[in-house]
Amino acid sequence: IYLFPAMMDLIVGSVFFITSVRYSESNASPLTVTGMMATWALVYSLSSLAAGRAVNSSNAAKLIIVSGVTTVFISACYILVPDLDAQYLWISLTGLASAFFFVPFQVFMKSVERGEDGSVVRSTSLYTFSWSTGMACGPFISGYVWPAYGWQYCYVLNMVLGAVVTLGVWRLSRRSAESPGVDRGIGLHVQADEYSKMPDLVRLGWLAAGVGCISVAILRSLFPVKAALLDILKTDQGLILAILSFTQAFVGLAFCRSKFWMYKPLPVALFSLSGL
């Protein structure tokens, strides 16, 4: 099941890379280039709030399927209406489709994984590894496909991936409905006992994650502008952006069996220092 967010974020990562590089090569202002990701993020954030109100365990798979079909359509729009003036519209719709994938997916993931031993730490680790790997593969693959065949073929690949996600989730939801698992909840009960006396650090987590996301967004959105000034090859641009997300993916995976480091100040401070 973790292949699906990887494929969807491969699409998003590819869109970020292609749109920002196309704008950079057209000598657009840095504000215009960085505004692409900001526009996606704004639409994604607002749409996530709407999706959170709409989703439940019974309609999560249906919303994901609609998102997959919409993603295929939007990917075709990037090819059929390639004008730079239209890119802001398409990336806004990409943000809408992304939100109605990732929010329902977390509900869908819970229903598919019911009855399996584990904890939220394990699920978060695997989920982080999944979407980060997809975000890394987007620019990495596009960096090679674009010079060889043209940027349009990157969107053809996105169309294929969107179709695979749609069919895969549809098939998985049918199989899950046909053979429901027994919810033993062993891992969840054990974890509840382990963390029952730990402090509530959710606001600190939001703050730390927000600062980290701002830093990564600045790097990811502004880098193509500098790359255009330095005449860095598209393959190298894709590789540099891929390293960023691949590192995030494997660090997240390394925490799969972790327990309490996230409640200790020193590890969190060290990660912040590494960012500096």
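The values are calculated or read from the model by the stated rules, or taken from the named source; none is laboratory data. As the structure is a prediction and not an experimental result, all values here were calculated from the model. Please note: Cβ atoms are built from the backbone with ideal geometry, for glycine as well, and neighbour counts cover all protein chains shown. Accessible surface is based on the protein model in full, side chains and every heavy atom, while ligands, DNA and RNA are left aside. Shrake-Rupley method; radii C 1.70, N 1.55, O 1.52, S 1.80 Å.
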0 to 90° range, to nearest 10: angle between helix 234-254 axis and the chain longest Cα axis: 10 degrees
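Helix-only mean residue ellipticity at 222 nm, the chain, DSSP H runs n ≥ 4 weighted -39,500 (n - 2.57), per residue, nearest 500. What is it?
-28000 deg cm²/dmol
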Between the stretch 74-138 and the stretch 259-273, the Cα center-to-center distance that results, in Å: 28 Å
Under 19 Å from Lys264, Cα to Cα: lysines that are on another chain or at least 8 residues apart: Lys197
Tilt relative to the chain, helix 60-80 - C-alpha long axis, 0 to 90 degrees, to 10: 10 degrees
Hz values of 3J(HN,Hα) by residue in the stretch 210-222 - Karplus curve (6.51, -1.76, 1.60), Gly and Pro given as x: x, 4, x, 5, 4, 4, 5, 5, 4, 5, 5, 8, 8
Answer label, with Cα extents along the principal axes in Å calculated from the coordinates and candidates [x] 55, 37, 34; [y] 51, 48, 38; [z] 57, 47, 31: [z]
Listed peptides 164-176, 92-104 by packing density, highest first (mean Cβ within 10 Å): 92-104, 164-176
Formal net charge of residues neighbouring Ala228 (Cβ-Cβ distance under 11 Å; K, R +1; D, E -1): +1
Cα-based helix-to-principal-axis angle, 120-149 vs the chain, degrees rounded to 10: 20 degrees
Under 27 Å from Lys62, Cα to Cα: lysines that are on another chain or at least 8 residues apart: Lys110
Accessible area (Å², per residue) of the chain, counting only protein heavy atoms and a probe of 1.4 Å: 54 Å²
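If I compute solvent accessible area with a 1.4 Å probe over the protein chains, what percent of it on the chain is carbon and sulfur? Display every interim value, and only then the final one.
Numbers: 10280 of 14890 Å².
It is 69 percent, rounded to a whole number.
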Dmax and Rg, reported as Rg then Dmax, of the stretch 23-167 (C-alpha, Å): 16.6, 54
